[in-house]
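The values are calculated or read from the model by the stated rules, or taken from the named source; none is laboratory data. None of these values were measured; they are calculated from a predicted model. Counting neighbours? That spans all protein chains shown, and the Cβs are built from the backbone with ideal geometry, glycine included. Accessible surface areas use protein heavy atoms only, side chains included; no ligands, DNA or RNA. Shrake-Rupley method; radii C 1.70, N 1.55, O 1.52, S 1.80 Å.
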Amino acid sequence: MSELLDLAGEAGKLDAADGLAAVRERFVLDDVTYLDGNSLGALPAHVPDRVADVVRRQWGELRIRSWEESGWWTAPERIGDRIAPLVGAAAGQVVVGDSTSVNVFKALVAAVRMAAQDGGVGADGPGRDEILVDATTFPTDGYIAESAARMTGCTLRPVAPAEVPSALGDRTAAVLLNHVDYRTGRLHDLPALTAAVHAAGAYAVWDLCHSAGALPVGLDEHGVDLAVGCTYKYLNGGPGSPAYLYVRRDLQARFDSPLPGWNSHAEPFGMRPGYEPASGAPRGRVGTPDILSLLALEAALDVWDEDAVSVAAVRAKSLALTDFFLRCVGEYVPGGRVESVTPAAHAERGSQVALRCEDAGDVMKRLIERGVVGDFRAPDVLRFGFTPLYVGFADVERAARVLAQTLDAAG
């Protein structure tokens with residue numbers, strides 16, 4: 001009992017001292033302890049009214065005039081510039097639209113095409129005909145990489161991120177990596193791996209789905225070539241909100257998209273039979289933007305603007321939350337019942353904690369019934385995501401306590 005009181009009291013003190021505590025009020029939350037923002041972020045409270053205006057006034061009254069008068073046409077680049085500072089990029093390099101899967105395809109094929117333009121290792125050599133892909137990647141990235149390899153005549157080699165430097169060679173065209181492992185929460189070394197890829201003469205493509213909005217990325221600082229990411233996790237854009245594509249500025253003129261649509265044409269309303277790509281970030285567009293989801297995302301990003309919420313402050317709180325959760329689990333849960341598969345080292349940890357647990361699927365169902373929402377990843381992982389904008393230390397303590405009670409009740 002004393003441990004419960006001590007940790008609950010400490011959680012209260014940590015929440016009282018939390019510089020981001022007030023941001024929580026900007027979200028629609030209830031009594032549920034919501035630790036699944038790494039799958040779907042909570043709803044920012046002001047978004048429904050903004051979306052209602054888009055539907056009733058912009059669409060209902062202005063109708064087609066809204067493409068110009070409401071800024072619909074420029075939304076993909078405008079919102080891309082809102083996301084850019086959250087991933088460490090200057091303006092003019094991020095475009096929003098399509099899904100993460102589609103953007104992975106665009107980026108990876110474009111990377112292989114640029115490698116082909118660079119030339120092979122010799123006049124009679126085979127050229128760069130190999131793609132390396134994160135062997136632990138989210139399945140869709142693997143599926144897309146396999147298709148891209150078939151389309152471009154490349155060989156696909158799945159390798160663990162730690163093995164990438166030794167796997168690189170003069171035939172490597174592109175490397176597709178996840179910044180944070182979706183199962184374990186392991187944070188991979190983006191600066192070092194990008195440098196290794198470049199040293200081998202290849203192109204680095206990063207999937208930022210589980211890092212953007214939770215920790216610093218530094219795309220420009222570390223010279224990343226191309227990157228993609230979703231917006232419905234730590235960016236709280238809503239279910240199925242559009243993804244984004246980053247193309248480093250000096251590569252944009254060479255970015256050869258495998259999906260050249262009318263929206264990425266240099267003269268989209270010229271309706272010419274021949275394709276001429278637009279310059280800059282719009283080159284990454286394809287077809288007509290999904291305006292309702294796009295503008296819901298734009299509204300959601302306002303959360304970052306109020307009081308100038310910084311990614312550095314979010315990262316500091318994220319580490320404090322995950323540290324405290326691991327500590328509470330260690331105090332509350334009997335030894336041997338769960339095992340953390342998330343790295344303890346801060347430099348290797350994203351913003352989630354994954355616990356290996358017997359009967360994890362049933363345990364998560366019971367946790368949800370008790371008002372603690374995380375998720376289950378087969379075969380035996382309980383996954384808890386910590387979104388620092390709205391998760392507090394009292395949430396963390398309660399989650400660990402309910403987990404211990406649930407495991408105790410299970411026998």
Of the listed values (1) 184; (2) 141; (3) 151, identify the label whose number matches volume of the Cα convex hull per residue in Å³ calculated from this model. (2)
Find out how many positive minus negative residues lie around residue 253, taking Lys and Arg as positive, Asp and Glu as negative, among other residues whose Cβ is under 15 Å from that of residue 253. 0
For segment 206-222, take each phi angle, set θ = phi - 60°, evaluate the Karplus expression 6.51 cos²θ - 1.76 cosθ + 1.60, and give the result in whole Hz per residue in order, putting x for glycine and proline. 10, 9, 9, 3, 9, 10, 4, x, 10, 7, x, 10, x, 4, 5, 4, 9
Cross-link partners of residue 13 among lysines (Cα-Cα below 21 Å; sequence separation of 8 or more within a chain): 317
Which whole-number value in Å² is the accessible area per residue of the chain, probe 1.4 Å? 41
Could you tell me the accessible area of residue 368 in Å² (1.4 Å probe, neighbours in place), rounded to the nearest ten? 80
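For segment 170-270, just say rounded, prolate or oblate: build the C-alpha gyration tensor, square-root its eigenvalues into a ≥ b ≥ c, call rounded for a/c under 1.5, and beyond that prolate if a/b exceeds b/c, oblate if not.
oblate
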By the gyration tensor of its Cα atoms, with a ≥ b ≥ c the square roots of the eigenvalues, what is the shape of segment 5-164: rounded for a/c under 1.5, prolate for a/b over b/c, or oblate? oblate
Quick shape check on segment 120-204: root eigenvalues a ≥ b ≥ c of the Cα gyration tensor, a/c under 1.5 is rounded, otherwise prolate if a/b tops b/c, else oblate, and it reads oblate
The answer for residue 174, listing residues at least 5 apart or on another chain whose modeled amide H is closer than 5 Å to its amide H, is 130, 132, 203
Summing +1 for each Lys or Arg and -1 for each Asp or Glu, what net charge is found among the other residues whose Cβ lies under 15 Å from the Cβ of residue 100? -3
